[in-house]
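Everything on this sheet refers to the single structure shown next.
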Amino acid sequence: MSLLLKVRQNVPQLQSIKKSLQTRAGQKIPHMLINASDLFFRGPQIALSGKTPFDVIHKHEIITLRHYKNETDTSTPKHRVPLVIVPPLAVNMLIYDLFPTRSFVRFFLAQGFDVYLIDWGVPTRHQAKYNFGTYIKVFMPEMLKQVRLHSGQQQLSLHGWSLGGALSLCYTALFKDKDIKNLIILASPIDTHKAGYMGKLYGSLTKPAEWVRKHTPFRIRHHVPSEAFHIHGWQNTLGFKLTDPIGNLKTYWELFKNLDNREFIVDHATSSSFIDNMLAYPGGVMRDIILRFWIDNELSKGVVKFGELTAYLKDIKCSVLAVGGNTDIIVTADAVKPLMDLIGSEDKTFKVVPGGHMGVVSGSQAPTTVWPEVSTWLATRSE
């Protein structure tokens with residue numbers, strides 16, 4: 001049979017395939033348009049995040065204290081010591097309850113823990129006067145007092161991710177709170193100068209800052225108002241995305257290719273509900289981060305001053321679990337590990353787990369590689 005004859009015989013079949021593809025493309029386009037519209041105009045409505053119920057049991061200005069409910073088990077929590085989540089600033093709380101099937105709070109509720117969360121609220125320029133000391137000396141004691149009143153328990157476990165870990169450490173050390181039974185410190189910047197290429201950048205600023213202090217009367221803390229350091233939420237979102245620009249471009253390319261896939265669109269809207277809605281840093285806090293954490297690297301010395309008061313990390317005696325992510329480029333595992341040499345605890349553990357800065361909290365691997373590790377460690381110390 002000649003090649004020409006074969007082609008002629010297959011023309012109807014090829015035309016049928018072409019027609020089928022055109023039909024499928026025609027069917028996809030309306031779905032793509034609907035999905036795109038829902039994603040960009042109704043993203044918060046179709047997102048699956050933030051579905052675990054909670055009560056607000058205390059409020060101070062923009063700050064609220066949440067107590068989460070276990071919908072499937074209303075009995076008394078199995079573990080006596082409540083777990084208090086101390087988030088970092090500038091993130092919205094959805095990261096702790098991102099998907100119904102991938103929710104930090106749901107997981108720990110299911111493990112029998114009584115779960116509380118301090119929601120720092122949405123700062124504006126009205127909160128520019130807040131600095132790191134405001135949260136340590138004023139807000140942390142107040143919120144933990146309310147947890148104790150509500151739960152009826154004096155002993156508490158604190159879970160601090162990123163800057164939340166620094167808040168937990170400094171509070172415990174400053175007040176020598178003997179009723180903090182356990183500290184879980186997740187991807188927290190203990191020695192910022194060891195945080196990869198970012199750490200080298202921070203370290204390069206130390207000597208110039210020392211020269212300015214030695215040879216000039218200029219002091220940022222006294223001569224530049226805290227309002228000048230106010231960082232908007234959109235700036236935090238942009239900064240976070242710029243830590244992995246190629247990865248973010250790939251995410252948007254995958255989104256474009258899957259615009260006809262409703263499940264993919266809902267998942268994207270859910271993830272975006274956190275990362276695209278980061279919050280502002282109060283000016284005073286941002287100034288402290290730049291001067292005290294990035295340039296002076298205070299935590300790495302184990303001594304942090306708050307006005308007339310001083311926190312010594314060596315005064316921390318409770319059980320401590322410190323965790324670093326193996327692909328975290330914001331706070332590398334090497335930047336977390338020095339905590340082990342600074343605290344006075346006998347029961348202290350350092351672990352490296354899979355994940356980046358966000359991934360160690362709520363990434364796709366966290367429910368199988370991070371949360372069970374933390375839960376097992378905490379359960380034996382929460383009776």
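Okay, here's what the table says:
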item: Some residue of the stretch 215-234 being touching a His at 6+ places or on another chain (Cβ under 7 Å) and modelled with pLDDT under 85; result: no
item: Qualifying positions in the stretch 164-183 - surrounded by fewer than 24 Cβ atoms within 10 Å (Cβ to Cβ) and closer than 15 Å to Leu117 by Cα; result: none
item: The one condition in (1) within 18 Å of the chain's Cα centre (by Cα); (2) over 23 Å from Gln153 (Cα atoms); (3) in contact (Cβ under 8 Å) with a residue 60 or more places away in the chain that Ile62 fails to fulfil; result: (1)
item: Residue, modelled with the highest pLDDT, within the stretch 235-289, restricted to residues that are farther than 17 Å from Trp120 by Cβ and in a loop (DSSP other than H, G, I, E, B); result: Asp276
item: The stretch 344-383: number of residues that are aliphatic (A, V, I, L, M), in contact with a strand residue (DSSP E or B) (Cβ under 8 Å, 6 or more places away or on another chain) and in contact (Cβ under 8 Å) with a residue 40 or more places away in the chain; result: 6
item: Subset of the stretch 207-229 [surrounded by 12 or more Cβ atoms within 10 Å (Cβ to Cβ) and in a loop (DSSP other than H, G, I, E, B)]; result: Val224, Pro225
item: Ile46 vs. criteria within 24 Å of Leu98 (Cα to Cα) and either touching a Leu at 6+ places or on another chain (Cβ under 7 Å) or at pLDDT 90 or above (or both); result: no
item: Selection from the stretch 59-78 of residues that are among the charged types (D, E, K, R) and either crowded, with 23+ Cβ neighbours inside 10 Å or assigned to a strand (DSSP E or B) (or both); result: Lys59, Arg66
item: Which listed residue, of Val81, Val138, Val56, is farther than 24 Å from Met358 by Cα, surrounded by fewer than 16 Cβ atoms within 10 Å (Cβ to Cβ), in contact with a strand residue (DSSP E or B) (Cβ under 7 Å, 6 or more places away or on another chain) and modelled with pLDDT of 90 or more; result: Val56
item: Count of the stretch 280-310 residues which are among the hydrophobic types (A, V, I, L, M, F, W, C) and surrounded by fewer than 20 Cβ atoms within 10 Å (Cβ to Cβ); result: 5
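Residue-wise test of (1) crowded, with 21+ Cβ neighbours inside 10 Å; (2) at pLDDT below 90; (3) in contact with a helix residue (DSSP H, G or I) (Cβ under 8 Å, 6 or more places away or on another chain).
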{"position": "Tyr312", "(1), (2), (3)": "no, no, yes"}
{"position": "Asp315", "(1), (2), (3)": "no, no, yes"}
{"position": "Asn326", "(1), (2), (3)": "no, no, yes"}
{"position": "Gly355", "(1), (2), (3)": "yes, no, yes"}
{"position": "Val360", "(1), (2), (3)": "yes, no, yes"}
{"position": "Ala366", "(1), (2), (3)": "yes, no, yes"}
{"position": "Glu373", "(1), (2), (3)": "no, no, no"}
{"position": "Ser382", "(1), (2), (3)": "yes, no, no"}
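The values are calculated or read from the model by the stated rules, or taken from the named source; none is laboratory data. Because the structure is a prediction, the values reported are computed rather than measured. Please note: Cβ atoms are built from the backbone with ideal geometry, for glycine as well, and neighbour counts cover all protein chains shown.
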